[in-house]
Amino acid sequence: MLPSLDAIFKPKSAAVVGASRSRQTISYNLLDSILQGGFCGPVYPVNPNSRVIHSIRAYSSVLDIPGGLDLAFIVVPKELVLKVAEECGERGVKGLVVISAGFRETGEKGIERELKLIEIVRRNGMRMIGPNCMGVINMDPETNLTGTFAPIMPLVGKVAFASQSGAMGYAILDMMKSLGLGISKFASIGNNADVTGVDVLEYFGGDPATEIILLYLESFGDPFRFSSLAKVITRRKPVIAVKAGRTLAGARAASSHTGALASADVSVDALFEECGVIRSNTIEEMFDMAMAFTSQPIPEGDRIAIVTNAGGPAILATDAAIREGMRLAEFSKDTIRKLRAVAPEDSSMQNPLDLIAGATPDLYRDVMDVVLADEGVDSVLAIFAPTILLGDREFADAVVHASSRHPKKPVAACAVGRRGLTSGISKLREHSIPAYIFPESAIHALASMGKYREVTRRKEGRIVEFGADREAAGRLIVGRKADAPFMLPDQDARRVIEAYGFAMPKTIRAPGSGEAAAAAGKIGYPVVLKAELDGFTHKTDIGAVKVGIGNREELDSALAGMEKNFGNRGIRDRFESWVVQEMVEGGVEVIIGAKRDPQFGHLVMFGLGGIAVEVLRDVAFKIAPVTDEMASDMVKSIRGYPLLEGFRGRSPANLEYIKEAIMRISRLVEHFKEIEEIDINPLVVFEDRGKCRALDVRIAVRAL
């Protein structure tokens with residue numbers, strides 16, 4: 001794959017097919033950009049109606065161009081693109097960048113035209129970016145290809161950017177230049193007809209001139225290939241992505257708790273987290289992060305120190321740091337002693353370190369130097385609000401000086417309220433110190449660097465096999481012919497998870513009240529009474545569950561109460577049977593489930609369980625297969641983790657059992673792709689794994 005893209009990013013010669021002499025055209029601006037950028041090879045304008053364009057000899061066709069030709073930019077009306085592509089194939093052109101629109105994005109006829117274009121490209125062994133794209137850039141001095149129609153000459157740097165949107169690509173190039181961010185390579189991918197975003201990610205990942213990769217994605221061509229590539233690339237260089245399209249209306253129709261919680265956006269989050277890609281919510285956030293990654297070292301830990309001359313912004317920064325999972329560094333005794341020697345008497349020696357409004361440039365410099373020298377500090381944020389004694393230029397000088405003495409620790413600066421590139425912010429960025437207007441932006445950038453540190457240190461993990469009766473489960477799952485998801489009968493769902501190692505309470509189905517009473521006597525009080533009704537998944541919602549029934553009198557009352565309730569609701573004819581179950585008391589209720597995503601495969605979910613799971617939403621997702629390390633991360637990532645460890649004297653839950661249960665569900669859905677959704681809720685977990693029980697389970701299957 002990599003050598004085949006060299007013709008696009010490292011061509012020795014290029015043609016602009018459809019080049020125009022009119023300055024108001026895309027083709028003129030494209031040719032002008034290539035020439036202004038100083039492309040290192042010959043450039044050939046192609047236009048049958050012009051002899052000279054941009055003071056360069058023009059050719060009637062690519063077939064008339066003498067010598068070799070690696071790359072052709074095609075900027076002609078959509079009706080002519082196929083003819084030009086055929087001529088490029090005949091000419092031996094290796095790469096195409098099709099700027100022209102009018103393909104898949106326009107509907108049925110455009111799709112047909114695009115399929116024909118792909119056939120031409122592949123038959124002739126070419127590679128193509130586009131159609132409907134903005135172009136490509138390679139700032140390597142040996143190539144100097146600025147092949148876009150954007151009137152922006154980018155700076156040389158180490159950031160590679162790929163965009164699935166031409167308009168966003170234009171805005172991004174403009175923003176990068178205004179922030180002083182240089183690029184190594186750029187690709188506007190367009191319709192992904194041949195070269196996809198995953199192909200470009202692979203190419204950028206192997207590019208020695210690229211140290212950071214930025215992505216604007218609207219879709220994943222092949223999420224599994226994306227994931228496998230990104231896992232390797234993110235070990236070597238950060239990948240930061242904005243993924244547009246964050247909702248999935250279909251989640252509203254989900255039949256299980258897992259399905260209701262597993263939106264399309266959750267799938268993307270799970271994929272990015274699994275393969276180490278740092279997700280940005282907005283383009284602005286992405287550039288906040290890029291400024292830090294391109295200029296500062298990765299912090300060794302999450303302990304941050306905040307130095308400020310204004311209390312309000314420091315409070316905002318502190319709140320943001322805690323939200324982002326960072327810790328305020330605790331200064332050593334030696335650091336406090338040194339600070340007392342340089343700071344005013346009324347300055348606090350705590351973190352955040354407020355130097356108050358009277359701070360001078362010398363004070364900022366000396367304090368920053370002391371704080372950065374503390375071994376308990378991993379990163380520093382310097383906040384500045386303008387005063388009579390201190391201007392932004394002097395603040396910048398102090399921060400630059402202190403940072404230069406401690407090059408292994410990341411430093412960020414915040415000049416509160418200073419919009420645009422003031423002289424101070426300019427100086428900070430010129431000296432590779434990321435500067436922000438708001439403290440939250442600076443904190444988010446530093447925190448993202450910390451997240452990347454964890455990506456590089458992450459253990460691989462392993463897929464664990466467990467004993468399971470796969471054949472028994474298959475008899476209950478495989479062969480369902482329903483086109484829509486079909487809910488397995490409760491007894492079948494219980495048998496499936498029992499086949500995969502989950503223990504359930506003693507359970508007896510009873511067709512009538514008398515049989516229910518006999519079942520309760522056989523199991524032994526206390527018991528739980530449930531009613532199975534056709535078409536109702538969540539029994540609690542319709543009053544079809546009664547727990548803690550201690551004797552026959554209470555059972556009779558519960559039976560009568562439910563029957564009356566069903567009559568009042570008009571659903572008595574939906575009744576199928578009673579279920580009497582052993583009462584399980586104590587333990588911690590968790591939920592484990594999975595949902596099949598049409599793009600990403602099965603999403604496995606874990607969280608605190610019970611009837612309020614959709615309200616609390618304290619859950620974590622991973623894409624199957626789930627390794628032992630992934631299961632451990634899931635357990636530790638939920639807010640309710642302290643409850644599992646044992647809270648205020650309560651017995652802890654067996655964490656190893658929970659991890660095993662997550663992996664067992666992962667293996668179940670891997671073995672049976674027919675499973676659309678599965679919930680075990682609640683799974684009651686005790687310290688003694690032998691007491692752990694799955695109280696309820698729902699499984700929806702769909703024919704493949």
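Derivation of every value follows stated rules applied to the coordinates shown; laboratory data play no part. Because the structure is predicted, anything quoted here is derived from the model rather than measured. Every residue, glycine as well, gets a Cβ built from its backbone with ideal geometry; the counts of neighbours run over all protein chains shown.
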| Karplus (6.51, -1.76, 1.60) ³J(HN,Hα), θ = phi - 60°, over region 31-41, in Hz, Gly and Pro reported as x | 4, 4, 5, 4, 6, 5, x, x, 3, 7, x
| Arranged from highest to lowest average of other beta-carbon atoms within 10 Å per residue, in what order do the peptides 138-147, 562-571, 219-228 appear? | 138-147, 219-228, 562-571
| message | Just to confirm the number: angle between the C-alpha axis of helix 108-123 and the first principal axis of the chain, 0 to 90 degrees, nearest 10? | response | 70 degrees
| query | If one computes the Cα centroid of region 16-90 and of region 569-604, what distance in Å separates the two points? | reply | 63 Å
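Using the Cβ atoms and a cut-off under 15 Å, what net charge is assigned to the surroundings of ARG650, where Lys and Arg are +1 and Asp and Glu are -1?
-3
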| note | The ³J(HN,Hα) series, computed from each phi in region 348-358 with the Karplus coefficients 6.51, -1.76 and 1.60 at θ = phi - 60°, rounded to the nearest Hz and given as x for glycine or proline, is 6, 8, 9, 9, x, 9, 8, 8, 6, 5, x
| task | Against the globular-protein guess of 2.2 N^0.38 Å, express the Cα radius of gyration of region 579-691 as a ratio, rounded to two decimals. | result | 1.05
| Gain in span if fully extended, GLU454 to SER178, counting 0.36 nm per residue against the direct Cα distance | 96.3 nm
| query | With no solvent and one point on each alpha carbon, what is the Debye value of log10 I(q)/I(0) for region 292-406 at q = 0.17, 0.23 Å⁻¹? | reply | -0.80, -1.49
| query | So for region 645-692, what are the equivalent ellipsoid semi-axes in whole Å, largest first, each being the square root of 5 times an eigenvalue of the Cα gyration tensor? | reply | 27, 10, 8
| query | For ALA58, what is the net charge nearby, where nearby means another residue's Cβ is under 13 Å from its Cβ and Lys, Arg count +1, Asp, Glu -1? | reply | +2
| task | Mind jotting down the distance between the C-alpha centroids of region 270-344 and region 157-235, whole Å? | result | 26 Å
| Fewest to most neighbouring Cβ within 10 Å: what's the order for THR456, THR537? | THR456, THR537
| task | Relative to the longest principal axis of the C-alpha atoms of the chain, give the angle of the C-alpha long axis of helix 392-404, reported between 0 and 90° and rounded to the nearest 10°. | result | 80 degrees
| request: Per DSSP H run of n ≥ 4, the term is -39500 (n - 2.57); total these for the chain, divide by its residue number, and report the mean residue ellipticity at 222 nm rounded to 500 deg cm²/dmol. | output: -11500 deg cm²/dmol
| Taking Cα centroids, how far is region 627-648 from region 126-151 in Å? | 47 Å
| request: Using a cut-off of 10 Å between beta-carbons, work out the net charge of the residues near ARG596 (Lys and Arg +1, Asp and Glu -1, ARG596 not included). | output: -1
| Bridge type composition, the chain - antiparallel percent by DSSP, nearest 5 | 50 percent
| query | Can you pull the Kirkwood radius for region 426-576, inverse mean 1/r over Cα pairs, to one decimal in Å? | reply | 21.0 Å
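Give the peptides 679-685, 511-517, 445-451 in descending order of average Cβ contacts within 10 Å, highest first. Don't skip to the end; give the middle numbers.
Working: 679-685: 24.7, 511-517: 14.7, 445-451: 22.6.
Per-residue mean Cβ counts within 10 Å order the peptides as 679-685, 445-451, 511-517.
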| task | Could you state the angle between the C-alpha long axis of helix 283-295 and the longest principal axis of the C-alpha atoms of the chain, as a value from 0 to 90 degrees rounded to the nearest 10? | result | 70 degrees
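Assuming a viscosity of 1.002 mPa s and a temperature of 20 °C, what translational diffusion coefficient in µm² per second does Stokes-Einstein assign to region 2-244, Rh being the Kirkwood radius over Cα pairs?
121 µm²/s
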| request: Pop a pseudo-label 7 angstrom from the Cα along the beta-carbon direction at both GLU553 and ASN49 and give the gap in nm to one decimal. | output: 9.9 nm
